[in-house]
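Heads up, the thing below is written out as structure tokens.
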Amino acid sequence: MQEIVGESLALRLVEWGVDTIFGLPGDGINGLMEGFRRHRDKLRFVLVHHEEAAAFMATGYAKATGRLGVCCATSGPGAIHLLNGLYDAKLDHVPVLAITGMQETSVLGSYYQQEVHTQLLYQDVAAYNLMVTNPEQMPGVVDIAVRHALSKRTVAHLTFPNDLQVAPASAAPYRHVSPGQPPSSNPVLSWPPVPAAQADLTRAADVLNGGTKIAMLVGVGARAARQEVLAVADALASPIVKTLPGKMVVPDDHPLTTGGLGLLGTKPSEQLMEECDTLLMVGTSYPYGKYLPSPGQARVVQIDVDPSLIGMRLPVSAAVTADAQLALQQLLPMLQPRTDRSFLTKYQRERDTWLSDMAALQDPKRTPIAPQYLMGCVDEAAADDAILTCDSGTIATWSARHWTIRGGREYYLSGNLATMAPGLPYAIAMQHAYPGRQVIAFVGDGGFAMLMAEFLTAVRHELPIKVVINNNNAYGEILWEQIILGYPEYAVRHRQPEGDFAAWARACGAYGVKVTDPKALPAAIRDALAHPGPALVDCDVNPNEPPMPGKISYEQAKYFTEAFLRGQPHKLSTLATVARDKINELRK
């Protein structure tokens with residue numbers, strides 16, 4: 001059978017090591033689908049229910065594996081639906097290739113049905129963005145797109161008019177009038193770890209050796225450098241603070257870490273940032289400047305493989321462009337080990353108090369169920385190498401504080417886009433990538449409802465993912481964001497009754513249980529995790545449980561009060577919840 005352009009694409013993707021494409025067919029990509037069909041023994045096509053989910057799956061696959069994630073959608077509306085998931089990939093710096101269809105070249109410009117010029121639509125999200133118009137461009141432009149995505153850790157996009165998709169791959173339809181040649185290359189990429197320059201290391205060591213109260217802030221860019229991060233922190237007697245995407249860099253039960261930073265972080269992490277005189281940032285360009293040292297307070301060393309991200313948040317005394325693991329290995333012998341460990345010891349005590357306070361909030365006697373208790377039950381029952389995916393919202397707070405990184409556990413969410421709904425698609429993609437591991441999606445009812453059809457995708461693909469729904473029947477994070485501005489909540493709670501998503505799970509042919517009684521929760525979680533196939537636990541939790549900041553500022557308390565004075569509904573139940581939380585902390 002004659003090779004067509006769609007087949008040329010499939011063959012090249014296989015040569016790049018791609019084995020999975022997430023997508024949804026349409027008449028705008030039938031030629032591409034034929035290419036995928038011809039090589040289905042090497043290239044798995046995961047059929048989804050919504051293109052947004054396909055892009056989230058490609059992004060989650062890339063986040064968990066470090067490999068290229070690939071998603072595919074038809075022309076017009078299909079391509080439009082991919083965008084949210086692609087921005088998640090772009091903002092979190094992971095390699096994803098988006099493949100879309102385009103209407104036949106002969107009708108372009110005639111206001112034809114589904115004529116959406118995706119190369120224009122994608123010009124912001126994609127670092128490499130091309131409409132392929134000639135078979136001779138293949139497969140060279142695929143190589144260029146893949147190299148862009150992998151080397152720049154970002155999104156690349158190729159769109160194919162559907163008449164081109166079925167054209168013979170060997171066709172040369174036009175006379176060559178320029179001195180150029182069609183792109184010709186092999187599917188190879190040289191991408192070695194980048195060592196630090198000696199002069200940069202010397203400046204960094206001088207700054208760090210001159211500090212007395214040193215803090216480390218590590219992000220997901222240091223994911224492969226756990227042992228190096230711990231060794232440098234120990235030498236500097238430095239507490240380790242983690243960004244939320246970087247939660248899995250260091251185990252949560254390690255004595256050197258104080259946990260996360262920011263609105264979802266810990267009190268000791270915020271306090272030590274206010275006190276430190278030196279800050280070592282590794283693999284992060286943490287965006288929330290209010291939680292970083294004040295300008296002029298601390299001298300900053302920043303290590304990042306991307307030089308454009310260095311110095312973005314704070315003035316930097318020593319910039320080190322390098323792979324995090326290599327740079328820390330090079331830096332360690334240049335550091336003077338500290339004998340004065342008082343700064344570290346102080347915040348280790350504060351951390352122990354904080355962890356005790358958080359444990360007290362996992363109260364099994366509370367009705368409605370405390371969301372902290374729900375996350376605590378999952379944390380206790382999950383495997384030591386489990387992967388937890390999470391949506392944006394209050395669930396991110398509960399997972400940040402009550403999901404313990406230990407052993408080989410991992411944790412993923414939409415870090416910079418902070419979009420709703422990726423938790424379930426991430427889990428599906430990661431279960432595809434790691435069929436032998438326990439994969440748990442901890443999601444809110446709002447995010448789950450957006451893409452709940454993808455639970456059926458998991459059932460149909462026989463993926464044993466576990467979904468735990470923190471069901472507060474509201475957009476909880478938005479609710480509290482309104483209050484923290486001093487405004488009463490508005491239009492953030494759904495009407496009663498709460499949805500019964502367990503019934504949906506059972507209708508899909510999976511395990512599903514609804515939990516409203518805290519006494520039934522531990523067994524429900526254990527049973528779901530032990531179930532051999534897809535399982536879902538829908539847990540009704542207290543909708544008036546506030547995701548309190550680690551350290552409450554005067555301004556936050558003032559605006560909280562103003563919201564209540566201006567007519568905040570449910571204020572009695574909210575105040576009662578806050579009071580019970582404080583009593584539990586004092587009883588510990």
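Could you pull out the residue among Ala507, Ala528, Ala557, Ala523 that is in contact with a Lys or Arg (Cβ under 6 Å, 6 or more places away or on another chain) and either under 22 Å from Lys267 (Cα atoms) or not acidic (Asp, Glu) (or both)? Walk me through how you get there before you give the answer.
Values: Ala507 fails: in contact with a Lys or Arg (Cβ under 6 Å, 6 or more places away or on another chain); Ala557 fails: in contact with a Lys or Arg (Cβ under 6 Å, 6 or more places away or on another chain); Ala523 fails: in contact with a Lys or Arg (Cβ under 6 Å, 6 or more places away or on another chain).
So the residue among Ala507, Ala528, Ala557, Ala523 that is in contact with a Lys or Arg (Cβ under 6 Å, 6 or more places away or on another chain) and either under 22 Å from Lys267 (Cα atoms) or not acidic (Asp, Glu) (or both) is Ala528.
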### Task
Name the one entry in Ala449, Ala491 that is open to solvent by 10 Å² or more (accessible area, probe 1.4 Å), without any contact (Cβ under 8 Å) to a residue 24 or more places away in the chain and farther than 30 Å from Asp19 by Cβ.
Ala491
### Message
Suppose we keep only residues that are β-branched (Val, Ile, Thr) and under 27 Å from the mean Cα position of the chain (by Cα) within region 539-563. Which one would you say is farthest from Tyr487 (Cα to Cα)?
### Response
Val541
### Residue satisfying condition, being open to solvent by 40 Å² or more (accessible area, probe 1.4 Å) and among the acidic types (Asp, Glu), within set Asp143, Asp124
Asp124
### Query
What residue, among those in region 50-89 that are of a type in the set (A, V, I, L, M, F, W, C) and more than 22 Å from Pro161 (Cα to Cα), is farthest from the chain's Cα centre (by Cα)?
Leu68
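Residue by residue, here is whether (1) modelled with pLDDT under 95; (2) over 26 Å from the mean Cα position of the chain (by Cα); (3) over 21 Å from Pro422 (Cβ atoms); (4) crowded, with 18+ Cβ neighbours inside 10 Å holds:
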| position | (1), (2), (3), (4) |
| --- | --- |
| Leu456 | no, no, no, yes |
| Asn472 | no, no, no, yes |
| Gln496 | yes, yes, yes, no |
| Val515 | no, yes, yes, yes |
| Pro532 | no, yes, yes, no |
| Val537 | no, no, no, yes |
### Query
Looking at this structure, is Asp143 in a loop (DSSP other than H, G, I, E, B), of a type in the set (D, E, K, R) and under 27 Å from Gly221 (Cα atoms)?
no
### Message
Filter region 544-559 down to the residues that are surrounded by fewer than 23 Cβ atoms within 10 Å (Cβ to Cβ) and within 28 Å of Pro497 (Cα to Cα) and list them by number.
### Response
Asn544, Pro546, Pro547, Met548
### Query
Under the condition of being surrounded by fewer than 20 Cβ atoms within 10 Å (Cβ to Cβ) and part of a loop (DSSP other than H, G, I, E, B), which residue from region 502-513 is nearest to the chain's Cα centre (by Cα)?
Cys508
### Message
Looking for something out of contact with any Asp or Glu (no Cβ under 7 Å at 6 or more places or on another chain) and over 22 Å from Leu150 (Cα atoms) - is there at least one such residue anywhere in region 54-71?
### Response
no
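Among the strands (runs of 3 or more DSSP E) confined wholly to region 18-111, which include 1 or more residues that are of a type in the set (S, T, N, Q) and open to solvent by less than 10 Å² (accessible area, probe 1.4 Å)? Quick ask: steps written out before the conclusion?
Values: elements: 20-23, 44-47, 69-73, 96-102.
The qualifying strands (runs of 3 or more DSSP E) are 20-23, 96-102.
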#### Entry: Sole exception among (1) free of Cβ contacts under 8 Å to residues at least 60 places away in the same chain; (2) under 23 Å from Tyr174 (Cβ atoms) for Val142, by number
(1)
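Restricting attention to region 310-341, which residues are open to solvent by 70 Å² or more (accessible area, probe 1.4 Å), over 30 Å from the mean Cα position of the chain (by Cα) and in contact (Cβ under 8 Å) with a residue 24 or more places away in the chain? Working first, answer last.
Within region 310-341, the first condition is being open to solvent by 70 Å² or more (accessible area, probe 1.4 Å), and the residues that meet it are 312-313, 315, 329, 333, 336-337, 339-341.
Okay, now just the ones that are also over 30 Å from the mean Cα position of the chain (by Cα), so 333, 336-337, 339-341.
The answer is Gln336, Pro337, Asp340, Arg341.
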### Task
Select from region 350-376 the residues that are open to solvent by 30 Å² or more (accessible area, probe 1.4 Å) and closer than 13 Å to Gly259 by Cα and list them in ascending order.
Glu350, Asp352, Thr353, Leu355
### Query
What's the number of the condition Arg226 fails, among (1) among the basic types (Lys, Arg); (2) within 22 Å of Pro333 (Cα to Cα); (3) buried (at least 23 other Cβ atoms within 10 Å of the Cβ)?
(3)
### Summary
(1) touching a residue at least 40 places away in the same chain (Cβ under 8 Å); (2) crowded, with 20+ Cβ neighbours inside 10 Å; (3) of a type in the set (Lys, Arg) all hold for Arg203 apart from (2)
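Quick test for you: out of Glu380, Glu410, pick the one residue that is acidic (Asp, Glu), open to solvent by 10 Å² or more (accessible area, probe 1.4 Å) and either within 28 Å of Thr154 (Cβ to Cβ) or modelled with pLDDT under 95 (or both).
Glu410
Would you check if there is a residue in region 255-278 being within 28 Å of Pro192 (Cα to Cα) and open to solvent by less than 10 Å² (accessible area, probe 1.4 Å)?
Step one: list which residues in region 255-278 are within 28 Å of Pro192 (Cα to Cα), which gives none.
Within region 255-278 (the criterion being within 28 Å of Pro192 (Cα to Cα) and open to solvent by less than 10 Å² (accessible area, probe 1.4 Å)), the answer is no, since none of the residues qualifies.
The values are calculated or read from the model by the stated rules, or taken from the named source; none is laboratory data. Quick caveat: nothing in here was measured; it's all calculated off a predicted structure. As a convention, Cβ positions derive from the backbone with ideal geometry for all residues, glycine included, and neighbour counts pool all protein chains shown. Only protein heavy atoms, including side chains, enter the accessible area calculation; ligands, DNA and RNA are left aside. Shrake-Rupley method; radii C 1.70, N 1.55, O 1.52, S 1.80 Å.
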